[in-house]
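Single-structure report; data block below.
The values are calculated or read from the model by the stated rules, or taken from the named source; none is laboratory data. Owing to the predicted nature of the structure, the values given are computational and were not obtained by experimental measurement. Don't worry about glycine lacking a Cβ; one is built from the backbone with ideal geometry, like all the others, and counts go over all protein chains shown.
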Amino acid sequence: MSAHRGPRKRRSKRSKKNDIITTETQAKISEAVGFRNVLAHRYGDVDHDVVYEVLHTDLHWFERFQREIAQWVQNRHV
């Protein structure tokens, strides 16, 4: 959830810490936590254009996080 939009390698490996979510999803959710902290605690000035961009381009990561968790739960109960 950063303003950086450069090319990145596509990673689909599961996190070594756990096999629940991919490392890519884990990184994006970690970025979201940092972004939330900036907004909640107003570290410096909040750039409203960046907030708008994140809200319109990065929310799909939360859906992906939810799908990966749901898949893990489903696989555990099969």
Please work out which one of (1) touching a strand residue (DSSP E or B) at 6+ places or on another chain (Cβ under 9 Å); (2) basic (Lys, Arg); (3) modelled with pLDDT of 90 or more is the condition ARG67 fails and give its number.
-> (1)
Count - residues of region 42-54 that are more than 12 Å from the chain's Cα centre (by Cα) and part of a helix (DSSP H, G or I) = 6
How many residues are at pLDDT below 90 and either in a helix (DSSP H, G or I) or surrounded by 11 or more Cβ atoms within 10 Å (Cβ to Cβ) (or both) if we restrict to region 11-33?
-> 4
